[in-house]
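Below is one structure, written out as structure tokens; comments come after it.
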Amino acid sequence: MPEMNGYDATREIRKLQIGQNVPIIALTAGTLSDEENRCLESGMNDYISKPVVLTTIADKLKHWLLKN
């Protein structure tokens, strides 16, 4: 994203009335534990690191879509 990164985009989405309850799941190549914390602190709901496993994506989507 040329104008903002995922952390900034999440913060902007969360400022919107409609964006306060939207599930946001990070998909990142960052695998350090600090990366997950950074995602969650920015307002994201969850975190998936690459390489991605299809069942992981399916499980996370089910969790967040059925929760709301």
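Restricting attention to the range 13-38, which residues are within 11 Å of the chain's Cα centre (by Cα), of a type in the set (Val, Ile, Thr) and in a loop (DSSP other than H, G, I, E, B)?
Answer for the range 13-38, where residues must be within 11 Å of the chain's Cα centre (by Cα), of a type in the set (Val, Ile, Thr) and in a loop (DSSP other than H, G, I, E, B): Val22, Ile24.
Could you check Glu3 against (1) in contact with a Leu (Cβ under 9 Å, 6 or more places away or on another chain); (2) open to solvent by 100 Å² or more (accessible area, probe 1.4 Å) and say which number it fails?
It is condition (1) that Glu3 fails.
Of all residues in the range 49-68, which are open to solvent by 90 Å² or more (accessible area, probe 1.4 Å), in contact (Cβ under 8 Å) with a residue 24 or more places away in the chain and outside any loop (DSSP other than H, G, I, E, B)?
Matches in the range 49-68: Leu65, Lys67.
Report, by residue number, each residue of the range 1-20 that is more than 19 Å from Ile48 (Cα to Cα) and not β-branched (Val, Ile, Thr).
The answer is Pro2, Glu3, Met4, Glu12, Arg14, Lys15, Leu16, Gln17, Gly19, Gln20.
If you take the residues in the range 29-48 that are of a type in the set (Ser, Thr, Tyr) and at pLDDT 90 or above, which one is most open to solvent (accessible area, probe 1.4 Å)?
Among those that are of a type in the set (Ser, Thr, Tyr) and at pLDDT 90 or above, it is Tyr47.
The values are calculated or read from the model by the stated rules, or taken from the named source; none is laboratory data. Fair warning: this is a prediction, and the values are worked out from it, not measured in the lab. Cβ: placed from backbone, ideal geometry, glycine included. Neighbour counts: every protein chain shown. Surface accessibility is based on the protein's heavy atoms, side chains included, excluding ligands, DNA and RNA. Shrake-Rupley method; radii C 1.70, N 1.55, O 1.52, S 1.80 Å.
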